[in-house]
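A.B. asks: One structure follows; several queries about it will come next.
The values are calculated or read from the model by the stated rules, or taken from the named source; none is laboratory data. In this text the structure is predicted, and so the values were computed from the model without any measurement. FYI the Cβ positions are ideal-geometry reconstructions off the backbone, even for glycines, and counts take in every protein chain you see. Protein only, heavy atoms only, side chains kept; ligands, DNA and RNA dropped before computing areas. Shrake-Rupley method; radii C 1.70, N 1.55, O 1.52, S 1.80 Å.
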Amino acid sequence: MFDITPQTLPSRQAAAAVDMLCAQHGISRRGKRQSEVDVQNAAKWVVLLEKVATEQDTDAFTEVFEHFAPRVKGFLIKSGADHAMAEECAQDVMVTVWNKAAQFDPARASVATWIFTIARNRRIDMLRRDRRPEPEELTWGPEAEPDQLDVMTMQQESEQLISAIASLPEKQRVMIERAYFGDLTHSEIAEETGLPLGTIKSRIRLALERLRHSLS
Amino acid sequence: MITHHLSDKLLMAYSSGTLPEAFNLAVATHIAMCDECRARLASFDAIGGAVLERAEDTAAPMSHETLLATLSRIKDQGPREQAAQSGRATQEGWTLPEPLRSYVGGDVQDVKWRNVGGGVRQAVIPTSENATARLLYIPAGKAVPDHGHHGMELTLVLQGAFADEEDCFSRGDIEIADEGTEHQPIAQVGADCICLAVTDAPLKFRGLLPRLAQPFLGI
């Protein structure tokens with residue numbers, strides 16, 4: 001009865017955003033077919049979340065919900081919640097996404113990563129697990145807009161991490177999934193992830209340095 | 001400059017939210033002082049994001065009613081709160097960074113120390129029972145009682161420095177010790193040393209007296 005997949009418009013907007021970012025920084029979009037698709041996919045969520053943050057756009061929110069809420073619910077079920085509890089908590093997570101959309105920093109994380117952290121925190125609460133205090137957050141000052149190229153690179157790195165996980169040997173991949181579903185203790189986690197985290201870490205480090213600089 | 005960092009295992013366990021509270025406290029307090037580990041943690045969170053994004057086969061359908069219910073919750077709650085302002089002001093001028101400062105209820109001068117002998121003082125920080133967190137105050141040049149470990153111990157330096165047989169640790173450095181580690185850390189001359197020490201098992205002291213006193217000291 002309802003058609004709740006109005007993806008054409010936001011996708012086109014995301015593509016336009018990527019075009020604009022590329023043009024601004026003199027990056028050729030030709031000859032990098034795969035990463036172009038990757039960036040578009042991740043950039044789409046960034047654009048949509050920004051619309052949620054700045055325009056209170058419920059259509060954009062609906063699209064984010066359609067994609068992420070079932071994943072969050074599945075994540076919570078995998079972590080030990082029953083269906084009813086998982087559904088209720090997934091709803092809470094999506095309300096938090098709406099409320100905190102303006103705090104999302106696309107130079108330091110993908111939308112999926114940011115939503116994962118919200119879902120993880122909700123899960124700890126839900127299952128009455130050990131409290132998880134967080135380090136003092138470094139937030140962007142009003143004048144310190146994240147650099148657009150940083151944003152695009154970060155989104156691309158995040159997409160590449162997804163392919164990297166897919167191409168891990170099954171044993172390692174299962175270990176990682178179990179760890180993030182909260183199924184492994186510290187001592188059960190393997191010493192090596194087998195994932196190339198160096199690049200993504202360096203990107204975030206750079207973004208942090210810029211932030212520290214802009215704050216000082 | 002910080003030269004002793006968190007391990008990948010600890011970062012992954014913190015990112016996935018499965019550590020005991022006392023360990024979470026030590027990890028978060030180190031990250032508050034260490035941008036390298038802050039960036040590494042973000043890369044471990046990115047694995048969580050990728051796991052979530054990939055989880056098409058575990059995704060559980062949400063009904064259209066749930067979407068409508070969520071939208072109406074959003075509508076009913078009214079305008080959103082403004083995002084928190086920059087955390088710069090709270091970063092500097094403190095010996096105890098957040099989140100440790102909130103656990104203590106203030107900075108170093110607010111810690112309620114207890115003498116444990118030899119000039120060494122400690123203050124247990126209440127956390128869940130799965131592990132123990134305490135602040136240690138070791139006068140400059142004094143030794144922490146020689147001890148081995150049953151489980152894992154993290155020691156995060158907040159002021160001064162200590163050295164054991166192998167290495168030197170100063171503010172922001174975190175030492176990760178396990179079953180095999182037997183050491184005698186000594187606070188460096190120049191400043192009294194304050195550390196956050198976290199264990200998931202009681203320490204085993206080597207001397208007879210400390211071992212007898214252990215149950216009473218709560219360490």
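A.B. asks: Could you give the nm distance between label points at B:Trp113 and A:Glu66, where each point is 7 Å from its Cα heading toward the beta carbon?
C.D. replies: 6.3
A.B. asks: Follow-up question, since we're still on this one. Keeping every protein chain in place, order A:Leu211, A:Leu127 by accessible area at 1.4 Å, biggest value first, i.e. largest first.
C.D. replies: My answer, sorted largest first, is A:Leu127, A:Leu211.
A.B. asks: Follow-up question, since we're still on this one. Would you mind getting me the FRET efficiency between B:Asp192 and B:Glu36? Use the beta-carbon distance for r and R0 = 22 Å, nearest 0.05. The partial results should precede the final answer.
C.D. replies: Working: r = 27 Å, r/R0 = 1.21.
It comes to 0.25.
A.B. asks: List the residues of the stretch B:162-193 whose backbone N lies under 11 Å from a point placed 7 Å from the Cα of B:Ala140 along the Cα-to-Cβ direction.
C.D. replies: B:188-193, by backbone N distance to the label point.
A.B. asks: Additional query: Given H placed on each backbone N at 1.01 Å, which residues far from B:Ile125 in sequence or on other chains put an amide H within less than 5 Å of it?
C.D. replies: Close amide H contacts, sequence-distant or interchain: B:Ala133, B:Arg134, B:Leu135.
A.B. asks: When only the heavy atoms of the protein chains count and the probe is 1.4 Å, how do A:Ser167, B:Ser63 rank by accessible area, highest first?
C.D. replies: From most exposed to least exposed: A:Ser167, B:Ser63.
A.B. asks: I want to check the label-to-label distance for B:Ser102 and B:Glu56. Put each point 7 Å from Cα in the C-beta direction and report it in nm to one decimal.
C.D. replies: 3.9
A.B. asks: Report ³J(HN,Hα) in whole Hz for each residue of the stretch A:115-123, in order, from the Karplus equation J = 6.51 cos²θ - 1.76 cosθ + 1.60 where θ = phi - 60°; Gly and Pro get x.
C.D. replies: 5, 4, 5, 5, 5, 4, 5, 5, 5
A.B. asks: Please list, in chain and number order, the residues 5+ apart from B:Asp192 or on another chain whose amide H is under 5 Å from its amide H, with Hs placed from the backbone.
C.D. replies: B:Ala140
A.B. asks: At 1.4 Å probe size, with no ligands or nucleic acids counted, give the accessible surface of A:Arg131 in Å², nearest ten.
C.D. replies: About 140 Å², rounded to the nearest 10.
A.B. asks: Moving to a separate point now. Please list, in chain and number order, the residues 5+ apart from B:Thr95 or on another chain whose amide H is under 5 Å from its amide H, with Hs placed from the backbone.
C.D. replies: Amide H neighbours of B:Thr95, under 5 Å, 5+ apart: B:Val108.
A.B. asks: For the stretch B:1-60 and the stretch B:103-126, write down the distance between their C-alpha centroids in whole Å.
C.D. replies: So the separation of the two Cα centres works out to 28 Å.
A.B. asks: Let's test the formula: R0 of 35 Å, r as the Cβ-Cβ distance of B:Met1 and A:Gln103. What FRET efficiency results, to the nearest 0.05?
C.D. replies: 0.70
A.B. asks: Still on this structure, I have one more. Run down the lysines and flag those whose C-alpha is under 26 Å from the C-alpha of A:Lys201, throwing out any fewer than 8 positions away in its chain.
C.D. replies: Within the straight-line limit of under 26 Å, A:Lys201 reaches these lysines: A:Lys32, A:Lys44, A:Lys100, A:Lys171, B:Lys9.
A.B. asks: Applying the Karplus parametrisation 6.51 cos²θ - 1.76 cosθ + 1.60 with θ = phi - 60° to the phi angles of the stretch B:189-194, what ³J(HN,Hα) value in whole Hz is obtained for each residue in order, glycine and proline being reported as x?
C.D. replies: Karplus values, whole Hz, x for Gly and Pro: 5, x, 8, 5, 9, 10.
A.B. asks: From the phi of every residue in the stretch A:88-97, what ³J(HN,Hα) in whole Hz does the Karplus formula 6.51 cos²θ - 1.76 cosθ + 1.60 yield, where θ is phi - 60° and glycine or proline is x?
C.D. replies: 5, 5, 4, 4, 4, 4, 5, 5, 4, 4
A.B. asks: If you don't mind, another one. Quick one: if the Förster radius is 41 Å, what FRET efficiency do A:Lys171 and B:Ser63 give, using the C-beta to C-beta distance and rounding to 0.05?
C.D. replies: Efficiency at R0 = 41 Å is approximately 0.70.
A.B. asks: With every protein chain left in place, what is the accessible area of B:Val144 in Å² (1.4 Å probe, nearest 10)?
C.D. replies: Surface open to solvent at B:Val144 totals about 20 Å².
A.B. asks: Still on this structure, please answer the following. Report B:Glu65's accessible area, 1.4 Å probe, all protein chains in place, as a number in Å² to the nearest 10.
C.D. replies: Result for B:Glu65: roughly 120 Å² accessible.
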